[in-house]
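The values are calculated or read from the model by the stated rules, or taken from the named source; none is laboratory data. Since this is a predicted model, take the numbers as computed values, not measurements. Ligands, DNA and RNA are stripped out before the accessible areas are found, and what is left, the full protein with its side chains, is counted by its heavy atoms. Shrake-Rupley method; radii C 1.70, N 1.55, O 1.52, S 1.80 Å.
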Amino acid sequence: MSGSNEAAAIEVTDLRKTFAQRKALDRVGVRVAPGEMVALIGTSGSGKSTLLRHVAGLIPADRRGGEVRVHGQIVQSGGKVARDIRRIRSRVGFIFQQFNLVGRLTLLTNTLVGMLARVPTWRSAAHCFTRAEKHAALTSLERVGIAEHAGQRASTLSGGQQQRGAIARAMVQGAKVILADEPIASLDPESSHRVMAALATLNREDGATVLVSLHQIDYAWRYCPRSVALKDGRVVFDGPTHDLTPDLLRNVYGSCVNWCGDGASTPRATQAHPALPEFHGARHGAPPIFDPPGDPAGAGCLN
Ligand code: ADP
Ligand code: MG
């Protein structure tokens, strides 16, 4: 975690949002240091999307609802979104669960759109990009493994390919902060791993800070050293993902899963519970891509 003098990549202070008298975010505080990759977990309705939208400045918090800063710059404060939000957002990539690309445009053009903040309007409107810009876009597509589809219309790509296209666009954009809202929720496991690996590349090689909401704990386990858990709009856990114990997960997901009582600090259970997201860390046999703090062998298995 960063020292207190260094500006956090994302700093959320005492954030509150009320929808029709229901608290969607309740005094949320989160500080993410530059270069971190953090999972945002919690059940459906816990406030993940609402938090990410506040961080992007897409919705204002309550009038006395706290503050959001990105790299020290105010995104919103006291229920008002910053006037220069467009400038701040030009360095923030937002990746949604679906519909990130324009279907009728080619994958290459969609990727080039990441440069819109930097090229003159007349050129972007005419889809008129230089050779160097096209080369940069193709390089990003190569880095996420989909360069061979560059000329294809986005609507003809699989969901996972489209998500990787959105990540390539964020690379071209030079995004310093990536906010991804359940980017793998509608994907099969193999595509999910490819998308998470592409996000990890953006984090590790480009130094982008990533805050990604995930329904599946096992992907947080494998890709995100730190997790922040929301429950009813409140932060109920913030720490190393591998510190998430069965009790903590039960608190987050409100499950009555039967845990095998080996007393270990790693999550294990004798049976899956429908209320719990999938968690197959051990079954994949895949080690975390970050250096785990403890022994990952057999860890991370909830079913
Ligand atoms: P998650 O992404 O974790 O599933 P959300 O952030 O979408 O949760 O929702 C958190 C809570 O806020 C839910 O109770 C949801 O119904 C409510 N909510 C979210 N957006 C709106 C909105 N625009 N109007 C009213 N209620 C909303
Ligand atoms: Mg959501």
Using a 1.4 Å probe, what is the accessible area per residue for segment 80-209, in Å²? 49
Mind checking the log10 I(q)/I(0) for segment 176-236 at q = 0.15, 0.29 Å⁻¹? Debye, one equal scatterer per Cα, no solvent, two decimals. -0.45, -1.38
With DNA, RNA and ligands ignored, accessible area of ASP84 (1.4 Å probe; Å², nearest 10): 60
Normalised contact order of segment 12-56, rounded percent, pairs of Cα under 8 Å and 6 or more residues apart: 31
Using only Cα atoms, figure out Rg for segment 65-181 and give it as a multiple of 2.2 N^0.38 Å. 1.13
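Counting only protein heavy atoms, what percent of the accessible surface of segment 30-182 is carbon or sulfur at a 1.4 Å probe?
51
Ordering ARG91, ARG86 by accessible area with a probe of 1.4 Å, largest first, what comes out? Intermediate results must be reported in sequence, preceding the final value.
Working: ARG91 110, ARG86 195 Å².
Sorted by accessible area, descending: ARG86, ARG91.
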